[in-house]
Amino acid sequence: MSNFDDIRPYYPEEIPAATQRMADSEVIPAIAQFLGKSPMMLRERIRGIKTVSEFQLGLLRDVIETLVKKTTTGFDWSGVENIYEKKPYLFVSNHRDIVLDAMFLQYILCNMGQNTCQITFGSNLMSHPFVIDFGKVNKMFRTERGGTPKEFYNSMLHMSEYMRHVITEVHESVWIAQRNGRTKDGIDATDPAIIKMFGMSRCDDRVASLAELNIVPVAVSYEWESCDKLKTLELYARRKNGHYEKQPNEDINSILTGIMQPKGYVHFHICPMVTEADLVSLNDCNSSDYYKRVAELMDSRINPNYYLHPNNYIAHDLRSGTETYASRYTAEQKAQFLRYMDWMNDYPDMDRKVLEEIFLGIYANPIKSVNKTK
């Protein structure tokens, strides 16, 4: 029995039974409809999957290509010169969509001929049997959410130990978000606590502890923000009530919304790795400041490589009442964005000005982050 059986993905011998359960799931008809396939054919294809490679390089690759075709106007990536085929990395990205940020990166790695990575997956999302099987076949490992301070510390230490084990002993890459949970307000910032968690599993030398993980920042951008309406409503509730309570099945709804909604142009940039020399240059301070400095270094690589779309510039000018970036978009693009904002008419009991301010902030704030790091 492994020390990590409580969080790890499936072992190879566990894959066939998992794909059988997936094929028998009641969610298959809805997935088949979205993919334009018959449920029977999709079930048979899933039943034939016996390995992770068959799942990722076959079925999942087809699913991503269908998503790109149906929900994007373009999908590309840059920065491939910053990673090498035989080296395992800790990919740390800004986080906009619950599942697609990591799944798109997997697709990029497949197309580069690279080995795919293991993926962090919140325990709060592992509520449906199909999601659990899908995740663990797709090399996702469980990250605990909540608990007492002691339980939280122990789960973070456990995850840190597992990630180091995967990178330094299994020699596979890992993907994790730069913070706990998705960016809701459009402001991407690496949490120093995440960087500190990386080092919890090796305390003898904080520079070497992070250097051996081969940390690579990744910048993710969507022309149309994933779950933008749902994020706006959540932030509105927090502002009005001081808190927000999730509804039953809300996470699953957010997953499906992010997958199926139009995304426009999607771009990924793989940033230069955080080297040992980078870490040494930040090391003349106490531990708290050290992890903060490393987080700031991550931001200095992620934020400038966030691809700004016309929507970002439109939202900035609408929010500020100016035409600062009018040269970055057309009148038709602005009219399209304004028409899109009509979704707020479905919420007449809410303060329209507050809704607009929050919604526009989601799209406008990346400009501030990009400019801050120039």
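Please work out which residue is nearest to Tyr89 (Cα to Cα), limiting yourself to the range 174-216 and to residues that are within 12 Å of the chain's Cα centre (by Cα) and assigned to a strand (DSSP E or B).
Filtering the range 174-216 for residues that are within 12 Å of the chain's Cα centre (by Cα) and assigned to a strand (DSSP E or B), the one nearest to Tyr89 (Cα to Cα) comes out as Trp175.
Being part of a loop (DSSP other than H, G, I, E, B) and over 26 Å from the mean Cα position of the chain (by Cα) is the filter; apply it to the range 10-35 and report the residue that is surrounded by the most Cβ atoms within 10 Å (Cβ to Cβ).
It comes out as Asp24.
Of the numbered conditions (1) over 24 Å from the mean Cα position of the chain (by Cα); (2) closer than 20 Å to Leu105 by Cβ, Ser287 fails exactly one; give the number of that condition.
(2)
Would you please list the contacts, defined by Cβ atoms under 7 Å and residues six or more apart or on different chains, that run from a residue in the range 17-30 that is among the polar types (S, T, N, Q) to a residue that is at pLDDT 95 or above?
Thr19/Ile46; Thr19/Arg47; Thr19/Ile49; Thr19/Val137; Gln20/Arg47
When residues of the range 44-53 are filtered for being surrounded by fewer than 19 Cβ atoms within 10 Å (Cβ to Cβ) and more than 23 Å from the chain's Cα centre (by Cα), how many remain?
6
Please note which helices (runs of 4 or more DSSP H) are completely contained in the range 272-374 and include at least 3 residues that are open to solvent by less than 20 Å² (accessible area, probe 1.4 Å) and in contact (Cβ under 8 Å) with a residue 24 or more places away in the chain.
It comes to 287-302, 310-320, 352-372.
Just one of Leu60, Leu67 is open to solvent by less than 30 Å² (accessible area, probe 1.4 Å), outside any strand (DSSP E or B) and touching a Leu at 6+ places or on another chain (Cβ under 9 Å); which is it?
Leu67
Go through the range 201-255 and count every residue that is touching a residue at least 60 places away in the same chain (Cβ under 8 Å), charged (D, E, K, R) and closer than 30 Å to Leu282 by Cα.
Result for the range 201-255: 1.
Out of Ser221, Ser201, Ser155, report the one residue that is among the hydroxyl-bearing types (Ser, Thr, Tyr), open to solvent by less than 60 Å² (accessible area, probe 1.4 Å), touching a His at 6+ places or on another chain (Cβ under 6 Å) and farther than 30 Å from Ile46 by Cβ.
Answer to the selection: Ser221.
In the range 137-165, which residues are under 13 Å from Phe198 (Cα atoms) and of a type in the set (Phe, Trp, Tyr)?
Tyr153, Tyr162
Report yes if some residue within the range 2-9 is surrounded by 14 or more Cβ atoms within 10 Å (Cβ to Cβ), modelled with pLDDT under 95, assigned to a loop (DSSP other than H, G, I, E, B) and of a type in the set (A, V, I, L, M, F, W, C); otherwise report no.
No, the conditions are met nowhere in the range 2-9.
Looking only at the range 108-119, which residues are at pLDDT 95 or above and either open to solvent by 20 Å² or more (accessible area, probe 1.4 Å) or under 22 Å from Met260 (Cα atoms) (or both)?
Ile108, Ile119
Among the residues of the range 70-80, write down those that are assigned to a strand (DSSP E or B) and either open to solvent by less than 60 Å² (accessible area, probe 1.4 Å) or of a type outside the set (S, T, N, Q) (or both).
Residues satisfying the conditions are Thr72, Gly74, Phe75, Asp76, Trp77, Ser78.
Those residues that are within 19 Å of Ser127 (Cβ to Cβ) and either modelled with pLDDT of 95 or more or not in a helix (DSSP H, G or I) (or both), I need them from the range 235-271; list them, please.
Tyr244, Glu245, Lys246, Gln247, Pro248, Asn249
Hey, among the residues in the range 81-98 that are open to solvent by 10 Å² or more (accessible area, probe 1.4 Å) and under 14 Å from the mean Cα position of the chain (by Cα), which one's modelled with the lowest pLDDT?
Ile98
In the range 122-147, which residues are closer than 24 Å to Cys203 by Cα, open to solvent by 50 Å² or more (accessible area, probe 1.4 Å) and at pLDDT 90 or above?
Of everything in the range 122-147, just one residue is closer than 24 Å to Cys203 by Cα, open to solvent by 50 Å² or more (accessible area, probe 1.4 Å) and at pLDDT 90 or above, namely Arg142.
The values are calculated or read from the model by the stated rules, or taken from the named source; none is laboratory data. Remember, predicted model here, so these are calculated numbers, not experimental data. Cβ coordinates were reconstructed from backbone atoms using ideal geometry, including for glycine residues, and neighbour counts include every protein chain displayed. Remember, those area values only see protein heavy atoms, side chains included, never the ligands or the DNA or RNA. Shrake-Rupley method; radii C 1.70, N 1.55, O 1.52, S 1.80 Å.
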